[in-house]
Amino acid sequence: MNKTVILQLKNITKKFGTKVIANNNVSLDVYKGEILSILGENGCGKTTLMNMVAGIYYPDSGKILINGEEVIIRSPRDAFEHKIGMIHQHFKLIDIFSAAQNVALGVEGEKFNLKEVNNRIKEMAKKYGFNINLDKKIYEMSVSEKQTVEILKVLYRGADILILDEPTAVLTPQEIRSLFKVLSAMRDDGKSIIIITHKLNEVMEISDRVTVLRKGDHIATVNTSETSEKELTEMMVGEKIDLNINRTEPKNSKLRLSVSNLTVKNPDGYNVVDNVSFEAFGGEILGIAGIAGSGQKELLEAIAGLNNYENGKLIYYHPKKNKPVSFFHKTYKRVMELANENAFIDEKGNDIDFTKLTKKEIKELVNSEKIIFKEDEVIDLKDKTPREIRELGIRLSFVPEDRLGMGLVGNMDIVDNMMLRSYRKGKSVFLDRKRPQDLADRIIEELKVNTPDSHTAVRKLSGGNVQKVLVGREIAAAPAILMTAYPVRGLDINSSYTIYNLLNEQKQKGVSVIFVGEDLDVLMALSDRILVLSGGKVSGIVDARTTTKDEIGLLMVQSKENGVTE
Amino acid sequence: MKKNKNNLKEPFVRIVKRDNIKIQKIILIYSIAIVGGLLLSGFISMMFSDKNLVDFFQSLFTGAFGSERKFWLLLQDTSLLLGTSMALLPAFKMKFWNLGGNGQILVGCLAAIACMFYLGGKVDDFVIIPLMLIASVTAGAIWAAIPAIFKAKFNTNESLFTLMMNYIAQSLVSLCITIWVKSGSGVLAPIAYGNIPDIGNKYLLPIILFVVITVLMHVYLRSSKHGYEISVVGESINTAKYVGIRVDKVIIRTMILSGAIAGLVGFVLAGSINHTISTASANNMGFTGIMATWLATFNPLMIILTSFFITFISKGMVEVRKTFMFTNDSISNIVVGIVYFAVIICSFFINYKLVFRKKEKEEIKK
Amino acid sequence: MTVTFLMSAIAIGTVLLFGCIGETITEKAGHLNLGIPGIMCTGTVGGCLFVSFYMNSLEVIENASWIILILSSVFGAFLFASLTGAIYAVMTITFRCNQNITGLAITIFGNGLTQFLMHSYVDKTNFSTAGKIIAKCLPFADGSDGIVKVLFGHGFYVYLAIIIALITTFIFNRTKVGLNLRAIGENTATADAMGVNITLYKYVAILIGSGIAGFGGVFYIMDYVKGSWENASTIEAFGWLAIALVIFTLWKPNISIIGSYLFGALYIAAFVFGNISFSGREILKMLPYVITIVVLIVTSMMNKKENQPPASLGLSYFREDR
């Protein structure tokens, strides 16, 4: 192998504020014509390190050398001049521009001529085997098309060093394979490629060498051929950990939620959820797989009452037969409504005449658990708002994808975030901050949330701790259905496993868990069944214990005529 | 590669985000800004006059504190600005950019004056005054609710909407004056009816009223369920929807409150202070109130300080104008503008710090 | 009657058009500049100041050259307006201050400065002569009538506004500069990552945008009202209407030509239909504001992807933000 060093990082340190040390004295060499993986957990500073090479951040100390000469990279423009290009995890594309316009953006020193640009891009695309429509607007593109535009953008500027941040996070197994083919072709062409990732199998598959970072420190750089997944994991986490998810067999599952023919339109009138039908059972984890933007978000939001859906049915089954009603979930008003529907019996199985009882007596009876449901509750969720759903006593918890933009309020402290779902309780016009305070203290202790105190603004916490606060709150509501969207995105391994364990615990308690995930390995290890969405349609529901990644990958891109429901 | 060599220097100054800052430092930054802004204003005033800097500051303080009457006026005007700020505060907490304070005050004032004009002399003052109060508060509330409804239903841009409502309110006042004043002079003489009786002295009523409202607002925003909903809607509409808050209802409800308080300011202006109305009756408090609220970082108790400070400058500038013999009063707007600039820039130094390139010597040592 | 009406409508429309183009350019760079009303005011005083310098340097004022008059007013207006814009630019770009608040402060400051200088320090004695010369500098301004007058009978500034609007449209849609500028307004971080010098672009956009807006005020005083000075609040009101127009014309300078004239017509209606009562007049004066509101509502109801404001509008950008 050709061993010319093209890029050298020497003793790079970067701090954010006074507390966060993102990179501590990191040194690294990159050779010409190699694929180097930078491996590390979320939050270990691998993206920060590469952002300094790409000119997004400026190092506090340390040197960057290119071809043996020290360079100063003050902006992305400087980086391009040194033939460095970075493809960020969150694509940097202008939605309303076409692919060609995005590629031409910011290119200096040539006459502006989109036709010329088009021809040059086409030449490059041919060379490396891309397939792209250059006039298509970004907002009409799929994730993998967007990624292609990103790569073309960097190549167009003549980059010799390409940095890709988590390039496979949102691709199907098949798309990953073709991306790797392109990357190999570029390596053979003499380009240096740096891949930031936390996925071990990909490191083993594609890279020549691998650098491991942990908590901002450089741990080691090794040849891929001389290491193993196990060794890398230990370097990454710093301790021996058990990477198995303890999956139990679902027992006495009962139907909790039945979704039939659900369709949700987005503001442009396009069906983002298209005729979806499935059933979710208590005591099981139902995984939902799909390319990003296949309708996962809209589906969960429709169930949670956030979206108005076009048509379809959502039926909630509450296995309450022969169980007492309580004021934990039901309001007095709702109890009286149910009483009018003749839903209750007393301990001996006789009907209760509520008309003869005073309010105080009814309350006493409920509190002493002497009012029993005659049958399971069956509730139609059509056109119910989140508030109405809660007032009906339906225990539906939802951990949304956008934690700080939806699940929590970043600028509020932990206590105030605890009462987001429950602040309305009680008749007083004033807030009761005592119960949320207790809950906050409990969650901080039980889930080991790393925070100075319960009055710290949530946005100041790290990703893992934010998620613990959110999941903690949703679980504290003792849900019957727990929906989670990408609950471990951006979390380090330990926090991820905390979340997996919490979900498994809930499953064993008989909760129906719905888990939208992106990492197929995790989906297959955690779920009992996996529902695959493709273009808003259900393309299949498979048994997580017997399926393969390839099978799911194929389902993710193909849409079957009729939604299959087992 | 030639370019490479030229670039071989770290940027001269870099901007870095702070993660925490001591309160003393914040106070220091603001003090420097205020003093700097006033000094700059003093120099500018000197450019147009033969007076000096000492005269500038002397007049500034005489104008504000020079006599007992001036001091009471300072407090009264502070309280009016405080009241206006309290009207704007809940809207801003909700990130509803209400630029329509002027209009809301003006229609409140107009409603009160209308009661005084039509009922004065026919009905007893004890009947007129409560009617004025109701009319003012309702008028202000309606004026604020109109843009709120469209914001809630169609997400119509509220800052321009409320701004246009200011001009419509002004025209409405002109219209009423043309109808009421038969002479065509366009000036409405003070009306003797429906004047709110003095308590203690004639400045005290607004002072007490708006301090009480400030305290109530503080409690409302901090401890009530409504206040909590306002914060959630302001921070993130998505979160509000997620927890089932009816965003449209909160927007409309909060703006009704906001407009009602602005209407109350109009009521005090009409019934207790001016007893008449002109298109300039709101005294541009709708805008100065925005400044007071924003500079106080939306903290009701801090707004007491900022509105006092802003009133102090504008009162002081009246005297400066006399001393410096400026023939029009716009100099006060210039000074106020400069001080605003100085104080607004403080937010940068509180959130960021500058890191200068290390000296060459240090580099060599390494 | 109709001719007078159309002439006035186009004139008022021109004031708005300058403001509207200026604000559009600024907003394309991601900056919502509520200081435009104040900037239009300072532009006015700048133009007037330079005109008065020139007029006072002459011995026989009737001999004033229209070219120098136009040049001095253009130069003065652009200089003062862009200097005021520079305050806004430094505060919002370099110091990352809140754009709304900074803009309002600029308007308060600009209005004050203008009143102060115009009232006491600008020599307005020769303004009516200068105004007449500026208004009648082009060949068809005198003597023509009917459609010819409506199309060609205006002063220089009216055509300047149209030309600037068309050039701006061309730059936005057909050039690399326009592409980069729009990218900044849409997604500043992306433009930055692609190597666009965003600080430079933003500064230039705000300075040029402010300068153009400044023409509006000086045109109003020097050409439309032929040099008679009233107070700055009229110009401030034009400034706010211009900002509203930006939304109405969907951030497209070519559409804003038509939009401005339409607004101009509405604005002037109150004054042209003269033979109605005083109170009727007051009601008509509300019309432009009411129409603006209606327009705001209608635009907000037709919610289309292409007709949205630049996505990064109003947000400060700091590269190292995480």
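The values are calculated or read from the model by the stated rules, or taken from the named source; none is laboratory data. Quick caveat, the model's predicted, so the values are computed rather than measured. All Cβ positions, glycine included, derive from the backbone under ideal geometry; neighbour counts span all protein chains shown. Just so you know, the surface numbers come from the protein's heavy atoms only, side chains and all, with ligands and any DNA or RNA stripped out. Shrake-Rupley method; radii C 1.70, N 1.55, O 1.52, S 1.80 Å.
B:VAL127 satisfies every condition listed in (1) touching a Leu at 6+ places or on another chain (Cβ under 8 Å); (2) part of a helix (DSSP H, G or I); (3) surrounded by 19 or more Cβ atoms within 10 Å (Cβ to Cβ) except (3). Taken as a whole, the stretch C:97-115 holds at least one residue that is crowded, with 18+ Cβ neighbours inside 10 Å, not in a helix (DSSP H, G or I) and not small (Gly, Ala, Ser).
Is one or more of the residues making up the stretch B:47-54 surrounded by 13 or more Cβ atoms within 10 Å (Cβ to Cβ), in contact (Cβ under 8 Å) with a residue 60 or more places away in the chain, part of a helix (DSSP H, G or I) and away from chain A (no Cβ under 14 Å)?
Scanning the stretch B:47-54, I find no residue that is surrounded by 13 or more Cβ atoms within 10 Å (Cβ to Cβ), in contact (Cβ under 8 Å) with a residue 60 or more places away in the chain, part of a helix (DSSP H, G or I) and away from chain A (no Cβ under 14 Å), so the answer is no.
Considering only residues in the stretch A:77-98 that are more than 8 Å from chain C (Cβ to nearest Cβ) and either open to solvent by 10 Å² or more (accessible area, probe 1.4 Å) or in a loop (DSSP other than H, G, I, E, B) (or both), the one that is farthest from A:MET204 (Cα to Cα) turns out to be A:SER98.
Taken together, B:SER174, B:SER183, B:SER224 contain a single residue that is of a type in the set (S, T, N, Q), surrounded by fewer than 22 Cβ atoms within 10 Å (Cβ to Cβ), touching a strand residue (DSSP E or B) at 6+ places or on another chain (Cβ under 6 Å) and in the same structural domain as B:SER79 (by TED's automatic domain parsing), which is B:SER224. Residue check: A:ALA440 meets all listed conditions (1) outside any loop (DSSP other than H, G, I, E, B); (2) at the interface with chain B (Cβ under 7 Å from one of its Cβ atoms); (3) crowded, with 19+ Cβ neighbours inside 10 Å but one, namely (2).
Residue-wise test of (1) without any contact (Cβ under 8 Å) to a residue 60 or more places away in the chain; (2) over 23 Å from C:ILE134 (Cβ atoms).
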| position | (1), (2) |
| --- | --- |
| C:GLY214 | no, no |
| C:TYR220 | no, no |
| C:ASP223 | no, no |
| C:GLY227 | no, no |
| C:THR234 | yes, no |
| C:LEU250 | yes, yes |
| C:TYR267 | no, no |
| C:MET286 | yes, yes |
| C:ILE297 | yes, yes |
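Tell me which of these C:TYR317 doesn't satisfy, since it passes every other one: (1) outside any helix (DSSP H, G or I); (2) out of contact with any helix residue (DSSP H, G or I) (no Cβ under 6 Å at 6 or more places or on another chain); (3) modelled with pLDDT of 85 or more. The failed condition is (2). Taking the stretch C:145-155 as the range and being in a helix (DSSP H, G or I) and open to solvent by less than 60 Å² (accessible area, probe 1.4 Å) as the test, the residues that pass are C:GLY146, C:VAL148, C:LYS149, C:VAL150. Just one of the numbered conditions (1) modelled with pLDDT under 90; (2) part of a loop (DSSP other than H, G, I, E, B); (3) closer than 23 Å to A:TYR497 by Cα; (4) not aromatic (Phe, Trp, Tyr) is not true of A:GLU202: (2).
Which residues, counting only those in the stretch A:326-360, are of a type in the set (Phe, Trp, Tyr) and out of contact with any strand residue (DSSP E or B) (no Cβ under 7 Å at 6 or more places or on another chain)? Residues satisfying the conditions are A:PHE327, A:PHE328, A:TYR332, A:PHE354. Regarding C:ALA183, is this residue aliphatic (A, V, I, L, M) and over 14 Å from the mean Cα position of the chain (by Cα)? Yes: the conditions hold for C:ALA183. A:VAL272 fulfils the conditions (1) surrounded by fewer than 16 Cβ atoms within 10 Å (Cβ to Cβ); (2) touching a helix residue (DSSP H, G or I) at 6+ places or on another chain (Cβ under 8 Å) except for a single criterion, (1). For the stretch C:119-144, filtered to residues that are over 16 Å from C:ALA11 (Cβ atoms) and aromatic (Phe, Trp, Tyr), the residue that is surrounded by the fewest Cβ atoms within 10 Å (Cβ to Cβ) is C:TYR121. When B:LEU28 is evaluated against the numbered criteria (1) out of contact with any helix residue (DSSP H, G or I) (no Cβ under 7 Å at 6 or more places or on another chain); (2) not in a helix (DSSP H, G or I), which criterion, by number, is the only one it fails? Answer for B:LEU28: the failing condition is (2). Going by what's in this entry, would B:ALA282 be described as part of a helix (DSSP H, G or I) and either out of contact with any strand residue (DSSP E or B) (no Cβ under 8 Å at 6 or more places or on another chain) or not assigned by TED's automatic domain parsing to the domain that holds B:ILE196 (or both)? For B:ALA282, the condition - part of a helix (DSSP H, G or I) and either out of contact with any strand residue (DSSP E or B) (no Cβ under 8 Å at 6 or more places or on another chain) or not assigned by TED's automatic domain parsing to the domain that holds B:ILE196 (or both) - is not met. For B:ILE345, the requirement of being touching a residue at least 60 places away in the same chain (Cβ under 8 Å), facing another protein chain (nearest Cβ under 8 Å) and open to solvent by less than 20 Å² (accessible area, probe 1.4 Å) is not met.
Being open to solvent by 10 Å² or more (accessible area, probe 1.4 Å), in contact (Cβ under 8 Å) with a residue 12 or more places away in the chain and touching a helix residue (DSSP H, G or I) at 6+ places or on another chain (Cβ under 9 Å) is the filter here, so list the residues in the stretch A:65-76 that pass it. Within the stretch A:65-76, A:ILE66, A:SER75 meet the criteria.
Scanning the stretch C:210-263 for residues that are over 22 Å from C:PHE5 (Cβ atoms) and within 11 Å of chain B (Cβ to nearest Cβ) yields C:ASN231, C:ALA232, C:SER233, C:GLU236, C:GLY239, C:TRP240, C:ILE243, C:ALA244, C:VAL246, C:ILE247.
Give the residues of the stretch B:327-341 that are surrounded by fewer than 20 Cβ atoms within 10 Å (Cβ to Cβ) and either more than 7 Å from chain C (Cβ to nearest Cβ) or part of a helix (DSSP H, G or I) (or both), sorted by residue number.
Pass one, the stretch B:327-341, residues surrounded by fewer than 20 Cβ atoms within 10 Å (Cβ to Cβ): B:327-329.
Residue satisfying the conditions is B:ASP329 alone.
Across the stretch A:352-400, the number of residues qualifying as loosely packed, with under 14 Cβ neighbours inside 10 Å and of a type in the set (Ser, Thr, Tyr) comes to 3.
The condition of being under 24 Å from B:ALA87 (Cβ atoms) and either facing chain A (nearest Cβ under 9 Å) or free of Cβ contacts under 8 Å to residues at least 40 places away in the same chain (or both) holds for only one of B:ILE179, B:ILE199, B:ILE207, B:ILE213, that being B:ILE199. Considering A:ARG435, A:ARG424, the condition of being farther than 21 Å from A:ASN465 by Cβ, facing chain B (nearest Cβ under 7 Å) and either open to solvent by 40 Å² or more (accessible area, probe 1.4 Å) or in a helix (DSSP H, G or I) (or both) is satisfied by A:ARG424 alone.
Of all the residues in the stretch A:180-222, those that are open to solvent by less than 10 Å² (accessible area, probe 1.4 Å), touching a Phe, Trp or Tyr at 6+ places or on another chain (Cβ under 8 Å) and either under 15 Å from A:LEU232 (Cα atoms) or among the hydrophobic types (A, V, I, L, M, F, W, C) (or both) number 1. Pairs meeting the criteria (first residue in the stretch A:256-279 and more than 14 Å from every other protein chain (Cβ to nearest Cβ) and over 19 Å from A:GLY290 (Cβ atoms), second residue buried (at least 16 other Cβ atoms within 10 Å of the Cβ) and among the β-branched types (Val, Ile, Thr), beta carbons under 7 Å, at least 6 apart or on different chains) are A:ARG256/A:ILE481; A:SER258/A:ILE315.
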